[in-house]
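Below is one structure; the comments refer to it alone.
Nothing in this text is a laboratory measurement; each read-out follows from the coordinates by a stated rule. All of these numbers come straight from a predicted model, not from anything done at the bench. Note: ideal-geometry Cβ built from the backbone for every residue, glycine included; neighbour counts use all protein chains shown.
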Amino acid sequence: MTNNPLSLGHCPTCNREISQAWKLIEYERADGDIGVFAECPTCDEVIKPQENKNKGD
Ligand SMILES: [Zn+2]
C-alpha cells in the first residue's frame with residue numbers, strides 16, 4: 001500500500017486513489033471543516049474523496 005501525501009483520498013465508488021491533480025474545488029462546510037470535490041478519472045464523475053480512517057479507534 002502506498003500512502004501518498006499528495007493524495008486527496010480515495011473514490012467512494014471505485015476506491016481508486018485520487019491525487020491532488022484531480023482536485024476541482026474546496027469548500028467550507030457548515031461544521032468548519034474543508035471539503036473537497038474532485039474528479040475521478042476512472043468513474044469520470046465528480047466525487048468527494050474519502051480519507052482512509054479507522055473507525056472505532
Ligand atoms: Zn471512481
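Give, as a single signed number, the net charge of other residues whose beta carbon lies under 9 Å from the beta carbon of Gly9, with Lys and Arg counted +1 and Asp and Glu -1. Neighbourhood net charge equals -1. Which net charge results for the neighbourhood of Tyr27, defined as the other residues with beta-carbon distances under 14 angstrom from its beta-carbon, given Lys and Arg at +1 and Asp and Glu at -1? Once positives and negatives cancel, what remains is -1. Net charge of the neighbourhood of Pro41, taken over other residues with C-beta under 14 Å away and scored Lys/Arg +1, Asp/Glu -1, is -2.
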